[in-house]
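Have a look at the structure below before the remarks.
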Amino acid sequence: QVQLVESGGGLVQAGGSLRLSCLASGSIFSHSDLGWYRQAPGKQRELVAAVTRGGSINYVESVKGRFTISRDNNKNTVYLQMNSLQPEDTAVYYCKLTNTWWADYWGQGTQVTVSS
């Protein structure tokens with residue numbers, strides 16, 4: 001059973017930083033693609049950043065230069081470093097793992113609130 005547990009969300013002022021973590025269990029982490037998504041109230045869930053099993057990285061345009069995704073295969077953890085946060089970054093952030101057989105697993109989400 002694959003489980004993903006996010007942490008690191010919270011309330012921060014505009015311009016501040018947060019680092020999200022997602023700890024995975026029950027999967028061959030190093031062989032998995034990983035992504036961070038977010039969903040703001042009344043909006044669809046969107047991909048924020050992703051890192052493939054091969055190390056390729058991509059970001060949504062709105063976070064380029066501010067957010068950094070990274071993975072530590074020894075710790076089964078994927079991170080999202082978020083700098084220069086803006087009120088429009090307010091959302092519930094979810095991590096997703098896609099395993100070798102292309103099955104998707106989601107965490108429970110962590111709330112990020114950026115005040116102006």
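Data overview
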{"item": "Selected from Lys96, Lys64, Lys43 as most flexible by GNM, with the chain as the system and alpha-carbon contacts under 10 Å", "result": "Lys43"}
{"item": "The stretch 26-68 shape via C-alpha gyration tensor axes, a/c threshold 1.5", "result": "oblate"}
{"item": "Phi to ³J(HN,Hα) by Karplus 6.51 cos²θ - 1.76 cosθ + 1.60 over the stretch 21-26, Hz, x for Gly, Pro", "result": "10, 9, 9, 10, 9, x"}
{"item": "12 Å beta-carbon shell around Ser116, net charge (K/R +1, D/E -1)", "result": "-2"}
{"item": "Nearest-20 debye value, the chain charge dipole, Cβ charges on Lys, Arg, Asp, Glu", "result": "100"}
{"item": "Relative contact order (%) - criterion: Cα under 8 Å, at least six apart; region: the chain", "result": "36"}
{"item": "Residue with peak Gaussian network fluctuation, the chain [Cα springs, cutoff 10 Å], from Gln86, Gln44, Gln13", "result": "Gln44"}
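The numbers here are math on the coordinates, done by the rules we state, and not lab data. Computed from a prediction, not measured in an experiment: that's the story for all the values here. Using ideal geometry, Cβ is built from the backbone for each residue, glycine included, and neighbour counts are taken over all protein chains shown.
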